[in-house]
Each structure stands twice: as C-alpha cells, then as structure tokens.
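Structure first, then comments.
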Amino acid sequence: MSGRESGREAHGAEANPDSLEVVAGFQHQKLEGSVPTLATPEETLAALEQAFDYRGDVCITRKDGSKIEGYIFDRRQGRSLADSFARILPKDGSGRVAVSYADIAALAFTGRDMAAGKSWENWVKQYWEKKSAGETDISLQPEELE
C-alpha cells in the first residue's frame, strides 16, 4: 500500500527526513513555588495534571487541614472529582497515599522540578563539543543532584 493509499501522503518539508531529524522540544513551565487556584473542578483537574507532569514534590492540603508532601506518581480520573484520585509517594518515606481530588483544598509546587533545565539537546551539544575538540573516550555524566 502506498503512502497516498494509507492516508499518509507526504506534504512539503515533512517528506524530507533531514527536516524530521530534529523537532522542537517541550517547553517546561516554571511551576516551582507556584500555588494554583482550585476554585472550579476544571481548575482542580488542570492543576493536578500539571502536578502529575511535574518532576518534583508537591504539597497537598486536604479540606480537613492535614497536609501531605511528596511526589505524585499516578492519578486516576473518574467521572467527578470524588471519583478521581492522586497517588503520592510521601517525602517522609511512609507508604503510598491516595487522595481524592474532592478532598484537596490547596496544592503547592514545593520541590525542585528535576526535569527543568535538563535537555537532550544540551547533552548532545556537550558531546559534540568534546568530540570536535579531539577528545576520545568521551563520558558525559549527569548533573549532580542537590
């Protein structure tokens, strides 16, 4: 089956493999230290999606006043906020906790986003700089964590 028959007909620059070699990267939002508004169910859902994508700790304040700080490693979205849950690995090392979206009064991005500022492009750039300088046995190490 040809590309045209399968509906994958090439258009312009998309047909050139060299133009597909590098694509624009994802721009991370600077969320560290921010406290989103959770006034509506839509704002709550959007904030918790951001928290799930965030690679740092968040602090959730429940409606009963209790707080839990940790990393959101999973979320389960149901039909309503009461049916939706965020699953957290607490910073204190205690067992995993599931918190209903309906029980969340506030959310704060408290930890450092471990993915912010790190990019494949920077790593490749460093590699090619070392290679073009004539270095051999090149070993690039990740940045030290705090």
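The values are calculated or read from the model by the stated rules, or taken from the named source; none is laboratory data. None of these values were measured; they are calculated from a predicted model. Neighbour counts run over all protein chains shown; Cβ positions are idealised from the backbone, glycine included.
Overview of values
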item: Region 84-115: number of residues that are assigned to a strand (DSSP E or B) and among the small types (Gly, Ala, Ser); result: 6
item: Within region 33-79, tally of residues that are among the β-branched types (Val, Ile, Thr) and part of a loop (DSSP other than H, G, I, E, B); result: 3
item: Output for region 31-60, where each listed residue is in contact (Cβ under 8 Å) with a residue 12 or more places away in the chain, surrounded by fewer than 16 Cβ atoms within 10 Å (Cβ to Cβ) and hydroxyl-bearing (Ser, Thr, Tyr); result: Ser34
item: Checking Gly134 against (1) modelled with pLDDT of 85 or more; (2) within 30 Å of Arg62 (Cα to Cα), the condition it does not meet; result: (2)
item: Hits in region 61-104 (condition: of a type in the set (Lys, Arg), surrounded by 15 or more Cβ atoms within 10 Å (Cβ to Cβ) and in contact with a Leu (Cβ under 7 Å, 6 or more places away or on another chain)); result: Arg75
item: So Arg4, is it loosely packed, with under 10 Cβ neighbours inside 10 Å, basic (Lys, Arg), in a loop (DSSP other than H, G, I, E, B) and at pLDDT below 90; result: yes
